[in-house]
Amino acid sequence: MINILIKEINVFLNSFIAYIIIAVFLTGIGLLMWVFPETSVLEYGFADMGSFFSLCPYIFMFLIPAITMRMFSEEKRGGTMELLLTKPVRDIDIIMGKFLAGVVLVLFSLLPTLIYYFTLSYLGNPPGNIDTAGVTGSYFGLFLLGAAFTAIGVFSSSFTENQVTAFVIAVFLSFLMYFGFNAISKTPLLSEISLFIDQVGMMYHYNSMSKGLIDTRDVVYFVSVAGVMILFTNLILKSRKW
């Protein structure tokens, strides 16, 4: 598993496209947070990263599928999938190696955004006047959300050898899991079970953690979503052996 993890990270970081993806992410979130008047923190008059944490999930819906779309699709297209599956390593180890590589890359993309926290802390009046505990909890929630999106992306990549198809499937499933259930819960006909439907989606749990409150129920939810996606991916790989 460790060898696969290292291989996936090296392949991604040795690709010029990888740096374009990360640069687009950082540029996009930077413009939204500092430049565009509708979302700029400079327009609020107080040191708060709320706009960053509210916008980042939607950017993640495209960034993470772009990272994961090649993980299994490229193996299939290049004809190395069969070779990989015949090696003395369990399917779950292959999946976990690719999944953890995706999580590390998501973390790698997030690390530069810490400069936003230090900048806002410096701009605060007095300097350091920022809710550090809230930001920490929000970053943890964003990391868990990214891990869940990564699991969805790996699952989508196991479907097909076409990277574009894998990307589209991952974007759709991520959007459905994050925003879809929240939208469905607002349907008047489902008002009696609206809370339950909302809790099935990621937005409810992410918003809870974005308040800086780390509830074990939210952590278990994201870990469970990632686990189910990894299980489905394992089932797909096993079905292709027959």
Taking only DSSP H segments of four or more residues, each worth -39500 (n - 2.57), what value at 222 nm results for the chain once the sum is divided by all its residues, to the nearest 500 deg cm²/dmol?
-> -23000 deg cm²/dmol
Exposure proxy ranking, count of Cβ atoms within 10 Å, fewest first, for Arg90, Arg77 = Arg90, Arg77
For the chain, calculate the relative contact order in percent as a whole number, restricting contacts to Cα pairs under 8 Å that are 6 or more residues apart.
-> 25
So how far apart, in nm, are the two label points at Ser194 and Phe118 if each is 7 Å from Cα heading toward Cβ?
-> 4.4
Ordering 176-184, 11-19 by per-residue average of other C-beta atoms within 10 angstrom, highest first, gives 176-184, 11-19
Which whole DSSP H helices in the chain pass both tests: a Cα extent of 30 Å or more along the axis and a mean Kyte-Doolittle value no lower than 1.0?
-> 132-157, 216-239
For the cross-link pairs Lys98/Lys211; Lys7/Lys76; Lys98/Lys186, which exceed 25 Å when the distance is taken from alpha carbon to alpha carbon?
-> Lys98/Lys211; Lys98/Lys186
Report the full-extension gain for the segment Leu231 to Val89: residue separation times 0.36 nm, less the Cα-Cα distance, to one decimal in nm.
-> 49.5 nm
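Read-outs throughout are calculated quantities, based only on the coordinates presented, and are distinct from any laboratory measurement. Predicted model, so just to flag it, every value in this text is computed and none were measured. So basically every Cβ, Gly included, is an ideal-geometry build from the backbone, and we count neighbours across all protein chains shown.
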